[in-house]
Structures are given as structure tokens and as C-alpha cells.
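A short worksheet on the structure shown next.
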Amino acid sequence: MSAMDIPLHEVAQSVRPMTEADLPRIHRIEVASYEYPWTPGNFADSLKAGYSMWVREADGEVIGYYVLMVAAGEAHLLNLTIAPTWRRHGLGRDLLGHCLARACDHHAGSVFLEVRTSNTAAIALYRSSGFADLAVRRGYYPARDGREDALIMKKDLTC
Ligand SMILES: CC(C)(COP(=O)(O)OP(=O)(O)OC[C@H]1O[C@@H](n2cnc3c(N)ncnc32)[C@H](O)[C@@H]1OP(=O)(O)O)[C@@H](O)C(=O)NCCC(=O)NCCS
């Protein structure tokens, strides 16, 4: 099923903690979303480390997820992904809002993230959700033609 088949408001949706059982489905979304996807092992290690990891479901199927690490009053958003066919329906913004609320639950004062400078969709989402550009980390990511810069962004929380 995709967002195109049924109006979104008619789809039963929920957000719940990620489990190991979600990893095969998440792997399919990762591979469809990134040239350099996280491996199932990356997710399994993050689950073991106790990171805040949540999935969004539509009609019982995972269609998005995020990974948030919180330590010493700072949160780091490590992954935020919506499955390709479900994009541009406000679900990414909604899931980011859920993530910021979890950061508040963990008493974080700010949230940091890194994003490829070519990722205009994600950068637009973050800027319009109150993230500010903090710095550029040169050659941070692998890329087909060598390396790509990361934009480091930060949002101060007023929980
Ligand atoms: C980034 C991502 C999570 C956005 O999810 P989404 O559900 O499509 O986003 P939304 O529909 O909530 O859109 C929120 C805002 O993001 C921006 N945006 C989303 N897709 C965009 C696109 N293709 N081009 C430009 N801006 C875009 C817009 O500012 C949009 O606000 P608007 O609808 O008011 O214009 C999704 O594109 C994705 O999973 N991409 C691949 C994984 C990824 O790059 N994750 C981020 C890693 S740092």
C-alpha cells in the first residue's frame, strides 16, 4: 500500500518504539532512501545502546522511523526517514515533532544533526522546524565522486 492508494486521514496510524523485529522492513526503506544506508547491524547496535528509536506505522506497516541519541543534556538526531511513497504528506514534519518531544522528555536543552549539503528536502524540513545552520564539516560523508560536506544544524529546545 502507499499514500497514493487511500486518503491519508483514512489510514490507521501510530508511532511506537522500534524493535529488532522491525529491522528487515527498515532495511528495505534504508536501501530505497540512501546511497549509503545504515545496516541492520547499525540499528541493532543503536537499540542495544538504548537510543530513543521510534517507528511510524500506517495500517500496521512501518513507513518511517527515527533514531535519537541523548547524552549530557544534548540530543543528536542520527536518522530520520520516511518511506519514498509516503513522502510529502507532512509525515516527516510530524515525526520530527515527535522526536523533539522525546528529546524534551530526556531533558535535552538542544538537538544537533548532520545532513548532506545536497539534501535540500531534509534541510528545508529542518530549517522550517526551527533548526539553525551551525557549521559545515568538510568531506564528512562518502560520495560517488569522493566526499561530501555535512551541514551541522542545531535547535535549542524550550521544553
Ligand atoms: C527528509 C524527509 C524525512 C522528509 O519527509 P516528508 O514526509 O516527505 O516531509 P514532509 O511532507 O513532512 O515535508 C516537510 C517539509 O520538508 C521539506 N520538503 C520535503 N520534501 C521536499 C522536497 N522533495 N523538496 C523540497 N523540500 C521538501 C518542505 O519544507 C516541507 O514543508 P512543506 O510541505 O510545507 O513545503 C524525507 O524526504 C526522507 O525520508 N528523505 C530520505 C531520508 C533523508 O534524507 N533523511 C534525512 C537525513 S538527515
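The values are calculated or read from the model by the stated rules, or taken from the named source; none is laboratory data. Note that the structure is a prediction, hence the values are computed from the model and not measured. FYI the Cβ positions are ideal-geometry reconstructions off the backbone, even for glycines, and counts take in every protein chain you see. With ligands, DNA and RNA removed, areas are computed over all heavy atoms of the protein, side chains included. Shrake-Rupley method; radii C 1.70, N 1.55, O 1.52, S 1.80 Å.
Quick notes on this structure:
- Criterion (near the ligand (Cβ under 8 Å from one of its atoms), in a strand (DSSP E or B), under 15 Å from the mean Cα position of the chain (by Cα) and β-branched (Val, Ile, Thr)) met by exactly one of VAL111, VAL115: VAL115
- Among strands (runs of 3 or more DSSP E) entirely within the stretch 1-96, having at least 1 residues that are surrounded by 12 or more Cβ atoms within 10 Å (Cβ to Cβ) and within 9 Å of the ligand (Cβ to nearest atom) singles out 61-71, 74-82.
- Of the residues screened, ALA122 is not one that is open to solvent by less than 70 Å² (accessible area, probe 1.4 Å), assigned to a strand (DSSP E or B), within 14 Å of the ligand (Cβ to nearest atom) and of a type in the set (Gly, Ala, Ser).
- Some residue of the stretch 127-142 being away from the ligand (no atom under 15 Å from the Cβ), hydroxyl-bearing (Ser, Thr, Tyr), open to solvent by 60 Å² or more (accessible area, probe 1.4 Å) and out of contact with any Leu (no Cβ under 7 Å at 6 or more places or on another chain): no
- Close Cβ contacts (under 8 Å, 6 or more residues apart or on different chains) running from residues in the stretch 116-138 that are within 12 Å of MET153 (Cβ to Cβ) and free of Cβ contacts under 8 Å to residues at least 12 places away in the same chain to residues that are open to solvent by less than 70 Å² (accessible area, probe 1.4 Å) and away from the ligand (no atom under 13 Å from the Cβ) are absent.
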